[in-house]
Amino acid sequence: MWSEDRVTGSNAFHHSVPGASSFTVDNFHVRNSVVKHYILSHFHADHYAGLRKKFNSGKIYCTPVTARLVKLKIGVSADHLVAVAYHSPLLIEGTRVTFLPANHCPGSALILFETPDGKCHLHTGDFRFHPKFSEDPVLSSFTSTGSRKIDHLFLDTTYCSPEHEFPAQEDAIRFVGELVKSNAFANRETLFLVGSYTIGKEEVFLQAARESGCKLYVHPAKKKVLECLELKEEDQQRLTTVAHEARLHVVPMGCINFKQMSAYLGMAKGKYKTVVGIRPTGWTFSGGPRQERGPLVIYGVPYSEHSSFSEIRSMVK
Ligand SMILES: [Zn+2]
């Protein structure tokens, strides 16, 4: 979160688009009458901080998924939202703006600005680098063998230190899917809790449901969020808001601890003998990858939606 912006109300350089002063990126604290175009990279609180229901300072440009979430969770009027699909360039005051998939959370985007002075600037928002980026027709034109160059790169540096390395997302998802599948068939008295945020980590619990064939319990408020994400029909069919219909529950990440899991076990009134908590996170899990306390087991799974250090290097190259 950029706390200094709240104090100064400035369009600080890391939010700006050089050569296009009417733009700001992930900055709703700006107090600057020149700024009219608010670019939102994705719907995470540290990026939309300062955005209020009564926003009327200009237009907010974001992907359709992010626009639906802004409407649902903040209540911003549709009149102020411009939903822009990936790879659909939009010309705004002579600047060409293109949203590209960021492989972070649903609706997240890298945003390319091609300004009237002929320069190119890329804001990554938050992103998880993936080898498929090299197949993106826009990004591939900027690689070392490509014909174009980025003049300014505004980079997500969450894990920009060599100790931050974690497995591919596919490996982490596969691990969770197999864990739930093997336990689901071997022991029908196990309740699985998968931690999640308002958005993010969806592939972990969806893949667990696909692999195991289990129904997936979500709180009604979470279901409304998931309805914004363009899930496949088969995934939507697995969702239920009736807790006792499912042995696989999506819960807030903060519920994956022994105290809360013990409470879940108590509420189940003997229906379950074991509770397995899955905590997908890129942050180091302080207790190690597996912790067990009586009938409760917690797995920390290194599923990151930010790039590792080596992936950040790959992106810059
Ligand atoms: Zn984020």
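The values are calculated or read from the model by the stated rules, or taken from the named source; none is laboratory data. These numbers come from a predicted model, not from an experiment. FYI the Cβ positions are ideal-geometry reconstructions off the backbone, even for glycines, and counts take in every protein chain you see. Please note that ligands, DNA and RNA were not included when accessible areas were found on the heavy atoms of the full protein model with its side chains. Shrake-Rupley method; radii C 1.70, N 1.55, O 1.52, S 1.80 Å.
Before moving on, here are some points about what is shown:
- Mean Cα-pair separation over length for the chain, i.e. relative contact order, pairs under 8 Å, 6 or more apart, %: 14 percent
- For the range 169-301, the equivalent ellipsoid derived from the alpha-carbon gyration tensor has semi-axes of 21, 17, 14 Å in decreasing order.
- Taking the range 1-97 and dividing mean pair separation by its residue count, relative contact order in percent (alpha carbons under 8 Å, at least six apart): 20 percent
- For LYS273, the solvent-accessible surface with a 1.4 Å probe is about 120 Å², rounded to the nearest 10.
- Signed unit charges on C-beta, dipole axis of the chain, positive-most listed residue SER212, GLY270, CYS228: GLY270
- Surface calculation, 1.4 Å probe, protein heavy atoms: GLU245 sits at approximately 100 Å² accessible.
- Mean projection of the Cα convex hull over all viewing directions, computed for the chain: 17.2 nm².
- Accessible-area value, ARG290, 1.4 Å probe, nucleic acids and ligands omitted, Å²: 120 Å²
- For the range 169-301, the relative contact order works out to 29 percent when only alpha carbon pairs closer than 8 Å and six or more residues apart are counted.
- Rounded if a/c under 1.5, otherwise prolate or oblate - the range 37-118, Cα gyration tensor axes: oblate
- Ordering of 274-281, 71-78 by burial proxy (mean other Cβ atoms within 10 Å per residue, highest first): 274-281, 71-78
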